[in-house]
Amino acid sequence: MRKRIKILGVLIGLTSVLWAQNPTVECVSFRDGFEKFPLPGTGVITLRSGESIKGEFKQGMTIKMNKWQWHGTDGELHQIKEADVQRVVFNPDMKFVDKDIAINVGISIGGKNASDVSNKNLPFNISQFDSFNKEKYYKPLILERVVTKVSAKGKENSQLMLLVNNGFADKYKVYVSLGHMKSEFGKDFNLFSLLFGGGEMGDYYSSFRVQKKGTRESLLIKKPGLIPFLFGSFRNKEFVELFGDNPDFMACYPKSFKRKFKYTPEFFWVYNHK
């Protein structure tokens, strides 16, 4: 029994050493979501009619009878239906924001403390993410109406969604749904990474919608399950569909197994700069 305990202790100690030897680096990340909206704060709401209304959501009742209570700088209380909204640029009052979903875009790999993150050395000539102005681009909350489906007769189904790649969305805009953003996050941590290090101690969206510039309908991307993953559903199909039109970009990720779903923010960052 004592021998088993000693062996277990040695294994735990070895694991700690192996883990500690892996440097912590920061990857490109999408912005964090907000679980509740609307909430107190200021900004501009643009309606589908084209009208823009500058104002604020005040503390207290922000929704009444399924309508947003938007206090305009024109002195009027605007009753706005979410279905009539095209775009929102919003700065939430941080007193009413969960600290877990404040501005925090670091994904820690192979380390334990988010405070230890450092620059990730991308293996190609691309601007590093640590030069990205997170405060400028991630502080405003941007909601936009996204076309989720176009019927055979041309009728559109759309949804107001959160833009999560603010600041590097010239070619592709990436969105997540309102209301359950936190539940869309996943963690990649397994026995292999525990024993040998290099596991990702961070969060990422397990599904999102992508809107390519100039196209009408968005594309839903989901983290593949085990069987689709083994057959390369994301690596060889969706990855190529999204980025295959750019040979310079594809040359950055020539091997299928380098095209991991959890690094999708990095892919959009690189594609936007190539």
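When the residues of region 53-72 are filtered to those that are part of a loop (DSSP other than H, G, I, E, B) and either open to solvent by 70 Å² or more (accessible area, probe 1.4 Å) or of a type outside the set (Gly, Ala, Ser) (or both), which remaining residue is nearest to Leu160 (Cα to Cα)? In this case the residue turns out to be Asn66. Looking across region 222-243, the residues that are open to solvent by less than 40 Å² (accessible area, probe 1.4 Å) and closer than 20 Å to His273 by Cβ come down to Phe239, Leu242, Phe243.
Take region 55-83 and flag every residue that is out of contact with any Leu (no Cβ under 8 Å at 6 or more places or on another chain) and hydroxyl-bearing (Ser, Thr, Tyr). Result: Thr73, single match.
Scan region 251-267 and tell me whether some residue there is open to solvent by 40 Å² or more (accessible area, probe 1.4 Å), part of a loop (DSSP other than H, G, I, E, B) and at pLDDT 90 or above. There is no residue in region 251-267 that is open to solvent by 40 Å² or more (accessible area, probe 1.4 Å), part of a loop (DSSP other than H, G, I, E, B) and at pLDDT 90 or above.
Would you mind stating whether Leu18 is at pLDDT below 90, open to solvent by 40 Å² or more (accessible area, probe 1.4 Å) and touching a helix residue (DSSP H, G or I) at 6+ places or on another chain (Cβ under 9 Å)? Break it down into steps so the answer makes sense when it comes.
Numbers: at pLDDT below 90: yes; open to solvent by 40 Å² or more (accessible area, probe 1.4 Å): yes; touching a helix residue (DSSP H, G or I) at 6+ places or on another chain (Cβ under 9 Å): yes.
So Leu18 passes the test.
Any chance region 38-52 includes a residue that's among the small types (Gly, Ala, Ser), crowded, with 16+ Cβ neighbours inside 10 Å and within 25 Å of the chain's Cα centre (by Cα)?
Taking region 38-52 first, the residues among the small types (Gly, Ala, Ser) are 41, 43, 49-50, 52.
Those left that are additionally crowded, with 16+ Cβ neighbours inside 10 Å: 41, 43.
Those still in the list that are within 25 Å of the chain's Cα centre (by Cα) too: 41, 43.
Among the residues of region 38-52, at least one is among the small types (Gly, Ala, Ser), crowded, with 16+ Cβ neighbours inside 10 Å and within 25 Å of the chain's Cα centre (by Cα), which makes the answer yes.
Taking Gly75 as the residue in question, decide whether it is on the phi > 0 side of the Ramachandran plot, at pLDDT 60 or above and either open to solvent by 80 Å² or more (accessible area, probe 1.4 Å) or outside the structural domain of Ile142 (by the TED database) (or both). Answer is yes for this residue.
The values are calculated or read from the model by the stated rules, or taken from the named source; none is laboratory data. These figures come from a predicted structure and were not determined experimentally. No Cβ is skipped: glycine too gets one built from the backbone with ideal geometry, and neighbour counts run over all protein chains shown. Just the protein is used for accessible areas: all its heavy atoms, side chains included, with ligands, DNA and RNA removed. Shrake-Rupley method; radii C 1.70, N 1.55, O 1.52, S 1.80 Å.
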